[in-house]
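Before any comments, here is the structure.
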Amino acid sequence: MRNDFRRSFLSAVALPTAAVLLVINLAAPGAQALGIGRRAGYGRSIDRPTLIAHRREARLRASRSGLRSRVVPAPAARPAPIPVQAAAGGPSDDLFAKLRRCEAGGRYNTNTGNGYYGAYQMTAGIWHALGYSGLPHEAEPTVQDDAARKLQARSGWGQWPACSRRIGAR
């Protein structure tokens, strides 16, 4: 009996009321003034044609912005590091000794497992690109010194950024 009452109430009262509100919302010119119309942020009322126009403009703006190319500024030019040189040519042995101490504590056989090897903490890729085989920490100290000099002559002190600053090489 209770369900029958609910059905009859909904059909008699609620559905016609919803239909009336819908008609007032869409048809009455003063519906927005009464606050019945569709809300569009910040408490402003907006009618359906204006809402559709706003959405169309937003889609158009979005499609235009997707077509624009992004302009990325060029990186600022950095001056090349000026190497500290000995009188005859190239950095001194003392400077490479300081670099060894800073990078690996002066130990030629350093292999900490982080992908950098030897006294100058080179990667295997750099070591092979310099023309050497094996791994740096397995090579003789003179070979590692020659490789570090070759790398510094080819690429500068940037291969060892923190230590080269610390020892005053750049």
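The values are calculated or read from the model by the stated rules, or taken from the named source; none is laboratory data. Predicted model, so just to flag it, every value in this text is computed and none were measured. Don't worry about glycine lacking a Cβ; one is built from the backbone with ideal geometry, like all the others, and counts go over all protein chains shown. Areas reflect the complete protein model, heavy atoms only, side chains present, ligands, DNA and RNA absent. Shrake-Rupley method; radii C 1.70, N 1.55, O 1.52, S 1.80 Å.
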Rounded accessible area of Ser45 (nearest 10 Å², 1.4 Å probe): 50
Label-point gap, in nm, between Asn114 and Arg48 - each point 7 angstrom along Cα→Cβ: 6.7
Most to least accessible of Ile52, Ile126 (protein chains only, probe 1.4 Å): Ile52, Ile126
Cα Rg, Dmax (largest Cα-Cα span) when computed across the stretch 99-170, Å: 11.1, 31
